[in-house]
Every structure is written in C-alpha cells, then in structure tokens.
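A.B. asks: Please see the structure below; I have some questions.
The values are calculated or read from the model by the stated rules, or taken from the named source; none is laboratory data. Everything numeric here is computed off the predicted structure, so don't read it as measured data. Cβ placement follows ideal geometry from the backbone for every residue including glycine, while neighbour counts extend to all protein chains displayed. Heavy atoms of the whole protein, side chains included, go into the accessibility calculation; ligands, DNA and RNA do not. Shrake-Rupley method; radii C 1.70, N 1.55, O 1.52, S 1.80 Å.
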Amino acid sequence: MKTIELIVPCYNEEKCISLFYDRIKEVFSDMPGYRFIITFVDDGSKDNTMNEIKTVVERADAGKVQYISLSRNFGKEAAMYAGLSKSVGDYVAVLDADLQHPPELLKEMLDAIENEGYDCASARRVSRKGEPMVKSALSKAFYHVINHVTVIDLVPGSTDYRLMKRKVVEAIVAMSESERFTKGIYAWVGFKNKWIEYKNVERAAGKTKWNVRGLFRYAYSGFLAFATTPLRAVIYFGMFIVFVSVLAAIHVFRAALKTPGERTGYASIIILMLFLGGVIITILGMIGEYLARIYMEVKRRPIYFERESNIDDNVANDEKKH
C-alpha cells in the first residue's frame, strides 16, 4: 500500500486544524488503496495551534498525524522545507491548513501521476472571486514581471499546492538555499507536471495571514531569488546615461556657438549632479541587495530549528510493528 504524505505549514491556524483533519479523513475514505500521513509544521504560532495539533494526534490512528514545531516563526517557505526534508511518503503533497487548497483535488492529482505518466501535479487558481481587486491586480502584475526578467516560467495563478513523486521531493530538498521561493524552485527543478485548475475557495475559518505588504515582500524575494536581469540592466542603464550625456554636451556646444555669451551653468550642474547621484545610489542599493543575499547564503545557517516533534516516535513505532 502506497503512502501519501501531506505537508501542512501552519501559523496561527487553531480554528482550522480539526476541520482540516476531518476533511482529509473524508477524502481518503474514498481512496482505500492508499495510506495517508498528515505532517503539520507549526511555524512558531502564537495561538493554540500546537495544542490543536496534539489533540488531533490523540484522535487519529497511530502514525496518521505527525507534527514538527519550529522554535520560532521562520516563515512559510522554511516550514514547507522542514516538512519536505522530513517526509517519507511515496507521494508527498504540500497544502494549506485553511482548506483554500481543496483536498478533493488530490484524487485528480494522483490519477495524473499514476495513470498519465506525470511526475507531479499542481493546482492552479483560475478565479480570484472574493479577493480584493488590488490584490488580484498586483498578483497579475507579479507574474507578468517575473516571467520577463527571470529564467523561470511561472504559470499565472499557480499555488504551492502540489502532489509529487519521491524523486521530485528529493530534488526540491537538495536546493537548500536560505532565501527560498518555492514556486520558483518548483519551476526550476522541472519534471513533467500537470496543472489542475480550480476556482478560489474561501478560508474554512480564521483570518488570512497575507496582506498587501506581506505579498509584496514575497514577490520581491522571489524576484531577487531568480532574477539576474537587474544587474545586467545596470550596465545598459549606465551606457544609456553616457549616451544622453554626450547628446546633452553636443546640444550645449551647438547652443553656445549659435548664441555666444556668458553662462554660469550652475543650474545644469546641480541638476546633473542630483540625477547622477540618485542613479549611483540606486545602483549601489540594487547591488547591495544581491550582496546581502550572498552574505546570508555563505553563512550556511540552518533554514529552521525544531522545538519539538513526534516524527521520531512514529518511526520507532513503525519499526516495532515490522
């Protein structure tokens, strides 16, 4: 019997944990040929998420529900990596605890992998009904920009919700950079993937942890993680400034020949200095961003730290059974 392991990153999701478990049980009741494991990754929640997870562990059959509690809030990217790096399932899925990623899609994803020859299957949201218009517009702009300035090709509406074969999981875990952007990593590792479309689903309970500011930081992180275009653009921008300066010098020279007379040139000099100063500061700031990321990577800090987990206990119990 093959095992499907579900990696579920959680941050302040106390109201969703029990609902999520009940929904998963219902879905897998129609899939008798498969064993499921839920691995909750508590990303330093400040509410009762961890207690709710432990309550579900007590309700569930032995080994069906696992948890990893991180020592603090490392972010969703680190939480997903923690779950994937500890996973053992034949197939592994990443999905949210708030049920905005419909668990029912797992059946279609599994069919794509086992019967259609795909290595993985990913969910793509085709409708954003219920979302603020600003958020939807920013999302569309993000995909447009990142696909033009990076080497990866992100499908608009793509999510982190994906079911993968073991070899795909191992490829993702092998990419151990600290500054992670999982959507980009999914695209970069390749493999044969099928997109499964679904419409936007409201949260089962609680409030979203994403706001415009958080989404902007996420997009910015993804942009820097896979884009080298800005560094190349600096060279072209510098050449453009030189070209404009030469044209301006020619224009001033011709004007001086046509209308001789005294000119102080203070205004022109000040404007030019301010302009070039702003350009230089912008360029240095951009280079500094990349240097900061290089600095963080060469330190080789762990992506996360565990506070507690029951995974080792479950492994020991499985060994006793065998």
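A.B. asks: Give me the extension gain from Ala248 to Glu108: residue separation times 0.36 nm, minus the current Cα-Cα distance, reported in nm with one decimal.
C.D. replies: Gain on stretching Ala248 to Glu108: 44.1 nm.
A.B. asks: Between Val201 and Glu170, what is 0.36 nm times their sequence separation minus the Cα-Cα distance? Round to one decimal in nm. Don't skip to the end; give the middle numbers.
C.D. replies: Values: separation 31, 0.36 × 31 = 11.16 nm, distance 3.00 nm.
Fully extending the segment from Val201 to Glu170 adds 8.2 nm.
A.B. asks: Please list, in order along the stretch 30-39, the HN-Hα scalar couplings obtained from phi with the Karplus expression 6.51 cos²θ - 1.76 cosθ + 1.60 (θ = phi - 60°), rounded to whole Hz, x for Gly and Pro.
C.D. replies: Once rounded to whole Hz, the list reads 8, 10, x, x, 10, 9, 10, 10, 9, 10.
A.B. asks: Listed highest first by mean packing, meaning other Cβ atoms within 10 Å per residue, what order do 10-18, 168-176, 54-62 come in?
C.D. replies: Working: 10-18: 21.7, 168-176: 17.2, 54-62: 14.1.
Listed from highest to lowest mean packing, they are 10-18, 168-176, 54-62.
A.B. asks: Non-local amide H neighbours of Glu13 (under 5 Å, H modeled in plane, Pro and chain starts lacking H): which ones?
C.D. replies: Thr49
A.B. asks: Here's a follow-up. Between Thr3 and Leu291, what's the calculated FRET efficiency when r is the beta-carbon distance and R0 is 41 Å? Round to 0.05. Could you put the intermediate results ahead of the total?
C.D. replies: Values: r = 43 Å, r/R0 = 1.06.
Efficiency, rounded to the nearest 0.05: 0.40.
A.B. asks: In nanometres, what is the gap between the two model label sites at Glu306 and Glu26, each 7 Å from Cα along Cα-to-Cβ?
C.D. replies: Output for this residue pair reads 3.3 nm.
A.B. asks: Could you pull the accessible area for Arg254 with a 1.4 Å probe, rounded to 10 Å²?
C.D. replies: Looks like 140 Å² after rounding.
A.B. asks: Tell me which residues come under 5 Å, amide H to amide H, from Thr159 once H is placed; ignore anything under 5 positions away on its chain.
C.D. replies: Ala123, Arg125
A.B. asks: What full-extension length gain, to one decimal in nm, is calculated for Asn115 and Leu284 as 0.36 nm per residue of separation minus the Cα-Cα distance?
C.D. replies: Working: separation 169, 0.36 × 169 = 60.84 nm, distance 5.22 nm.
Fully extending the segment from Asn115 to Leu284 adds 55.6 nm.
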